[in-house]
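**Q** One structure follows; several queries about it will come next.
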Amino acid sequence: MGGRWIERWEPEDETFWREQGERIARRNLAYSVFSEHIGFSIWSLWSVMVLFMGPAYGIDPAGKFFLIATATFVGALIRIPYTFAVARFGGRNWTVFSALMLLLPTGFAFAVMEPGTSYGTFVLVAALTGVGGGNFASSMTNINAFFPLRKKGWALGLNAGGGNIGVPVVQLVGLLVIGTAGALHPRIVLGVYLPLIVIAAVCSALFMDNLAPVRNDTGAVKEALAARHTWIMAFLYIGTFGSFIGYSFAFGLVLQTQFGRTPLQAASLTFIGPLLGSLIRPVGGSLADKHGGARITLWNFVAMAAATVVVIYASVVESLAVFLVGFIALFVLSGLGNGSTFKMIPAIFLAQGHRKGLAGEEAEAYGRRLSGAAMGLIGAVGALGGLGINLAFRQSFQTTGSGTWAFVAFLAFYAAALAVTWAVYLRRRPAVPDTAEAAEERNPRLGYAEV
């Protein structure tokens, strides 16, 4: 795929950005969001399919949690090669290919989604849907290269939020099908998405661009792997995105299993949390642009811990109303934290470039190079948090018949994430040459959070 290649791309040059860069970047962002949106819908497909799987399928709640955990696991792992594919094949070219790949799991699910299909077949098809999770990594890496640092929080937040909203949209489609045709017709949901996948691929081919200056850099990958901030941010991203995707996949099944909701009742509530969490993600990025990513992330984890306490209380007293309040608050906060943590990544590596003695375009190029490589790794590890959430729910329901102990584990994790954010990115340290104070003087909005 030769595609359309842009040879010169200098987003930090204000004249270039004003005269041509912004228009091109926004166009690529719009179609990136559309393709990533469909990818998220396919990745989260089994959060909807399990609602259609009544007694005739012969699968217990633990088996259903394993199906959605399988999709989460594959989607997390595949993010790593998808990240580096952008530089190897071009952002536009890879977006077309990755969109067309979604036909594979959707088509197979259409063929086998009926009682009598073996559980092993369902596990295999659930694994195939993981390719939708990879679309996020390649999309974020691609869009990161298009925008200047001062716009990255907003652009990455909008790109990710527009993609994340694919989760509640597929759940709304499932609700519409269950409410009109009944719980015996899951193939209608799949039939809706097959033509949308083709449309996403065609639009990407017609309206997106490849950036020639973005090239595979194995040195950047090795450096990102060796950088401690890559793994610290991956840990924090488990708490934000891992929570979002894990809760999104499990919400409907928790309502059915713990609160005895019917498929229609569960579907009518499942989409609310992911929808709000998706819509607020760009707000998290914008707040981080203004106030610093670490400050927003810290207070976000404080609020997530408080919301988890509410959920634990509701689970113990079996109050659905209180449970919904706390659980939906967790969705909103996970979306907000998604935006603030991803804003931190490019700023951290820009500040690291300054610490190495680089300045101006050299520092900016270093930051783009390292942050692009780190994003895929961070996104992959963060998505594994969703796997952990679904496995924790599976174990908790298997042993106690309730999700309470899973939420206790999540509370402990949020407390640890809060402590790490403060200790690494906000705690004041003695001044040394060209460290926190110097970087903050160059850009007061970076602060200690990104050094």
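The values are calculated or read from the model by the stated rules, or taken from the named source; none is laboratory data. Since the structure is predicted, the reported quantities are computational estimates derived from the model, not experimental observations. Virtual Cβ from ideal backbone geometry, glycine too; neighbours counted across all protein chains shown. Accessible surface is based on the protein model in full, side chains and every heavy atom, while ligands, DNA and RNA are left aside. Shrake-Rupley method; radii C 1.70, N 1.55, O 1.52, S 1.80 Å.
**Q** Take the residues in region 226-285 that are free of Cβ contacts under 8 Å to residues at least 12 places away in the same chain and among the basic types (Lys, Arg), then tell me which one is surrounded by the fewest Cβ atoms within 10 Å (Cβ to Cβ).
**A** Applying the filter and picking the extreme gives ARG228.
**Q** Identify all residues within region 140-158 that are open to solvent by less than 10 Å² (accessible area, probe 1.4 Å) and either of a type in the set (Gly, Ala, Ser) or modelled with pLDDT under 90 (or both); write none if there are none.
**A** Listed by number, the residues that qualify are MET140, ASN144, PRO148, LYS152, GLY153, ALA155, LEU156, GLY157.
**Q** Between ARG18, ARG27, which is touching a residue at least 24 places away in the same chain (Cβ under 8 Å), of a type in the set (Lys, Arg), out of contact with any Asp or Glu (no Cβ under 7 Å at 6 or more places or on another chain) and farther than 19 Å from LEU196 by Cβ?
**A** Just a single option satisfies the conditions, and that option is ARG27.
**Q** Further question on the same structure: Considering ALA109, ALA127, which residue is part of a helix (DSSP H, G or I), among the hydrophobic types (A, V, I, L, M, F, W, C) and free of Cβ contacts under 8 Å to residues at least 60 places away in the same chain?
**A** The unique qualifying residue is ALA127.
**Q** In region 359-386, which residues are surrounded by fewer than 18 Cβ atoms within 10 Å (Cβ to Cβ) and of a type outside the set (Gly, Ala, Ser)?
**A** GLU361, GLU362, listed by residue number.
**Q** Could I ask something else about it? Restricting the first residue to region 351-366 and requiring it to be within 17 Å of GLY219 (Cα to Cα) and without any contact (Cβ under 8 Å) to a residue 40 or more places away in the chain, which pairs with a second residue that is buried (at least 19 other Cβ atoms within 10 Å of the Cβ) and among the aromatic types (Phe, Trp, Tyr) meet a Cβ separation below 8 Å and a spacing of at least six or different chains?
**A** Every condition considered, the pairs that remain are GLY353/TYR366; LYS356/TYR366; TYR366/PHE349.
**Q** Okay, moving on. Are any residues in region 55-103 out of contact with any helix residue (DSSP H, G or I) (no Cβ under 6 Å at 6 or more places or on another chain) and hydrophobic (A, V, I, L, M, F, W, C), and if so, which ones?
**A** Of everything in region 55-103, those that are out of contact with any helix residue (DSSP H, G or I) (no Cβ under 6 Å at 6 or more places or on another chain) and hydrophobic (A, V, I, L, M, F, W, C) turn out to be ALA56, ILE59, PHE66, LEU77, PHE84, ALA87, PHE89, PHE97.
**Q** Every residue in region 127-167 that is more than 10 Å from the chain's Cα centre (by Cα) and of a type in the set (Phe, Trp, Tyr), please.
**A** PHE146, PHE147, TRP154
**Q** Of all residues in region 320-329, count the ones that are open to solvent by less than 30 Å² (accessible area, probe 1.4 Å) and farther than 22 Å from ARG281 by Cα.
**A** Residues flagged as open to solvent by less than 30 Å² (accessible area, probe 1.4 Å) and farther than 22 Å from ARG281 by Cα within region 320-329 amount to 1.
**Q** Here is a further query. Would you confirm, using the coordinates I've provided, whether PHE136 is open to solvent by less than 10 Å² (accessible area, probe 1.4 Å), aromatic (Phe, Trp, Tyr) and either assigned to a loop (DSSP other than H, G, I, E, B) or in contact (Cβ under 8 Å) with a residue 40 or more places away in the chain (or both)?
**A** Yes: the conditions hold for PHE136.
**Q** Can I ask one more? Of all residues in region 330-361, which are within 15 Å of VAL283 (Cα to Cα) and among the aliphatic types (A, V, I, L, M)?
**A** VAL332, LEU333, LEU336, MET344
**Q** Which pairs have Cβ atoms under 9 Å, sit 6 or more apart or on different chains, and link a residue in region 176-194 that is open to solvent by 20 Å² or more (accessible area, probe 1.4 Å) to one that is of a type in the set (Ser, Thr, Tyr)?
**A** GLY179/SER268; ALA183/THR262; ILE188/THR180; LEU194/THR106
**Q** Condition (residue is farther than 30 Å from PRO263 by Cβ, surrounded by 17 or more Cβ atoms within 10 Å (Cβ to Cβ) and in contact with a strand residue (DSSP E or B) (Cβ under 7 Å, 6 or more places away or on another chain)) applied to region 92-102: is it met by at least one residue?
**A** The answer is yes, given that some residue of region 92-102 is farther than 30 Å from PRO263 by Cβ, surrounded by 17 or more Cβ atoms within 10 Å (Cβ to Cβ) and in contact with a strand residue (DSSP E or B) (Cβ under 7 Å, 6 or more places away or on another chain).
**Q** Ok, one more. Residue check, GLY91 against (1) modelled with pLDDT under 90; (2) closer than 23 Å to PHE16 by Cα, all met but one. Which one?
**A** Looking at each condition in turn, GLY91 falls short on (1).
**Q** Can you name the helices (runs of 4 or more DSSP H) wholly within region 1-86 that have at least 1 residues being open to solvent by 10 Å² or more (accessible area, probe 1.4 Å), touching a Cys at 6+ places or on another chain (Cβ under 6 Å) and more than 23 Å from THR262 (Cα to Cα)?
**A** Because the criterion is at least 1 residues that are open to solvent by 10 Å² or more (accessible area, probe 1.4 Å), touching a Cys at 6+ places or on another chain (Cβ under 6 Å) and more than 23 Å from THR262 (Cα to Cα), the helices (runs of 4 or more DSSP H) in region 1-86 that meet it are 22-43.
**Q** Separate question: Quick one: in region 387-405, which of the residues that are within 21 Å of the chain's Cα centre (by Cα) and hydrophobic (A, V, I, L, M, F, W, C) is most open to solvent (accessible area, probe 1.4 Å)?
**A** Checking each candidate, the answer is LEU391.
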